[in-house]
Amino acid sequence: MLDLILRFVSCSRASGLRISSSEVLDCVNQLELIDVLEEPLFKTVLRANFAKSRREQAHFDHLYRLFFHDMRSDLSIPHSQSLEALMDKTLESISEEINQDASFQAILDFLRGDPLAYLEEMRRLQSDTDGDSPFGVVNTFGPLVRRLQIMSQINSIGNAIARFMAASRQSIGWEDRKAMTIHYDERLENARRMLREDPEPYDADLNRVTSYEKHLDQLGDKSFFSLTRKEMEEMRDIVEQLVRKLKDTVQRRYSKHRRGVLDIKKTLRLSAKYQGVPIEVVYRHKPRRKGKIVTLCDVSGSVWTAAKFMLNMLYSLQDCFLQVRSFIFVDELEEVTKTFENHEINVAVDKSLKEADINYQAATNYGSTFRQFKREYMDILNKKTTLIIIGDGRTNYANPEEKILDEMREKCRRIIWLNPESLIFWNTGDSRMRTYQRYCTQVRHCQNLNQLLDFIKTLVL
């Protein structure tokens with residue numbers, strides 16, 4: 001943590017913030033008093049120590065987003081020693097190809113994850129723009145030309161990377177090339193954005209008020225895998241509110257559909273008994289039939305949180321379905337329906353994901369899970385059943401048994417697969433999503449609460 005703070009301080013100083021050594025020591029001591037995984041608290045402590053005016057607060061927010069979010073995009077790439085070596089080789093090849101100057105080297109360092117030189121370049125551009133000429137006229141032509149030069153250099157490096165990737169089709173696997181291309185595209189776009197954006201006025205955030213609804217939207221867009229313990233507890237309250245709204249909406253729709261559409265012919269025919277007065281009103285449609293839900297939830301470490309919220313919402317809305325049966329698995333299957341029948345929802349979810357008779361530490365095996373389901377539970381599927389599978393599709397290179405999934409599709413109404421893993425990792429390594437999605441009616445990316453809620457709405461409304 002100390003190294004991370006010192007690197008951030010170096011970047012901040014390079015960008016123009018005045019931070020003393022005593023302020024760094026005070027910040028480190030204060031961080032020991034909070035949970036550093038609570039990002040709002042972490043950011044507040046850094047901001048209180050390093051930003052000493054309203055103008056510096058806006059500048060600090062910009063640097064914080066760059067350092068802890070934009071420049072940390074490398075954490076989303078499955079790094080290995082071989083991949084890091086390939087990335088270094090790519091940048092070395094580009095540096096030899098392009099006639100470098102200081103700004104070229106700054107951009108290459110930015111791609112490597114060291115933004116110091118590039119931040120200094122941005123600070124010089126800003127100081128040139130803010131400076132006054134001897135005649136009181138702001139000099140904008142020179143900095144504009146310099147910005148265009150740097151933008152041209154960024155584009156040249158992007159083209160050089162594309163040429164290197166095209167020339168390396170035989171020597172570099174497509175998975176590594178895809179990961180490297182996404183990584184460099186993100187970094188180059190960050191460099192362009194920093195060059196295009198003008199700093200906001202120092203008082204720009206005075207009128208920004210985050211409403212509770214906006215806070216919920218921001219929390220709903222946050223990935224399940226990055227939620228802190230406090231956010232998890234807050235998310236439970238949000239889920240309860242959303243479930244109540246959904247149940248009210250569903251009940252209104254069912255009551256309206258139960259009443260049906262007015263059958264004018266039969267109503268007029270019956271009115272003959274009452275001298276043409278339509279006393280008996282006849283409706284045409286029968287009530288909408290409820291469907292059955294069967295869920296298979298991968299509860300290995302990579303999917304645990306998404307499965308937790310999915311089970312919570314399904315059983316909170318079980319009145320909207322004829323029946324809900326739930327199974328959890330890692331390398332073997334266990335039914336947890338009775339647990340939900342005998343305990344309160346949150347307790348049942350915790351028991352299901354911690355106390356079931358399965359080995360939670362085992363390697364995930366979808367093939368053995370499908371074989372066990374076919375052997376013991378295949379008869380519960382019928383044409384009224386929607387089968388929902390929650391998992392990342394990573395089989396640890398075991399037999400995926402996709403033919404059993406095809407048999408399950410033939411027996412049930414539809415199969416919906418929810419994958420909480422980032423899209424860029426699908427079909428990489430031991431992921432068999434390309435194989436499984438051929439046998440699914442629908443495959444959805446479901447990495448946060450808003451995406452899960454969209455799916456639940458389509459399921460029950």
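Do we find that LYS266 is touching a helix residue (DSSP H, G or I) at 6+ places or on another chain (Cβ under 6 Å) and either modelled with pLDDT of 80 or more or farther than 15 Å from ILE345 by Cβ (or both) in this structure? No; evaluated as a whole, the condition is false for this residue. Summed over the stretch 1-37, residues that are in contact with a Leu (Cβ under 7 Å, 6 or more places away or on another chain), free of Cβ contacts under 8 Å to residues at least 40 places away in the same chain and assigned to a helix (DSSP H, G or I) total 2.
If you scan the stretch 363-384, which residues turn out to be more than 24 Å from TRP304 (Cα to Cα) and crowded, with 16+ Cβ neighbours inside 10 Å? If the condition is that a residue be more than 24 Å from TRP304 (Cα to Cα) and crowded, with 16+ Cβ neighbours inside 10 Å, then ILE380, LEU381 are the ones that fit.
Residues in the stretch 161-199 that are loosely packed, with under 13 Cβ neighbours inside 10 Å and under 30 Å from ALA58 (Cβ atoms) were compared, and the one that is modelled with the lowest pLDDT is ASP198.
Check whether at least one residue in the stretch 329-350 is in contact with a Cys (Cβ under 8 Å, 6 or more places away or on another chain), at pLDDT 90 or above and crowded, with 21+ Cβ neighbours inside 10 Å, and report yes or no. For the stretch 329-350, residues in contact with a Cys (Cβ under 8 Å, 6 or more places away or on another chain), at pLDDT 90 or above and crowded, with 21+ Cβ neighbours inside 10 Å: present. Considering (1) surrounded by fewer than 12 Cβ atoms within 10 Å (Cβ to Cβ); (2) of a type in the set (Ser, Thr, Tyr); (3) modelled with pLDDT of 80 or more, the lone condition that SER300 does not fulfil carries the number (1). If we scan the stretch 141-160, do we find a residue that is part of a helix (DSSP H, G or I), over 30 Å from LEU86 (Cβ atoms) and modelled with pLDDT under 70? Checked against the condition, which is being part of a helix (DSSP H, G or I), over 30 Å from LEU86 (Cβ atoms) and modelled with pLDDT under 70, the stretch 141-160 yields at least one hit. Inspection of the stretch 270-279 identifies no residue that is in a loop (DSSP other than H, G, I, E, B), at pLDDT 80 or above and surrounded by 18 or more Cβ atoms within 10 Å (Cβ to Cβ).
The values are calculated or read from the model by the stated rules, or taken from the named source; none is laboratory data. Small disclaimer: the values here were computed from a predicted structure and weren't measured. Note that each Cβ is placed from the backbone with ideal geometry, even for glycine, and that neighbours are counted across all protein chains shown.
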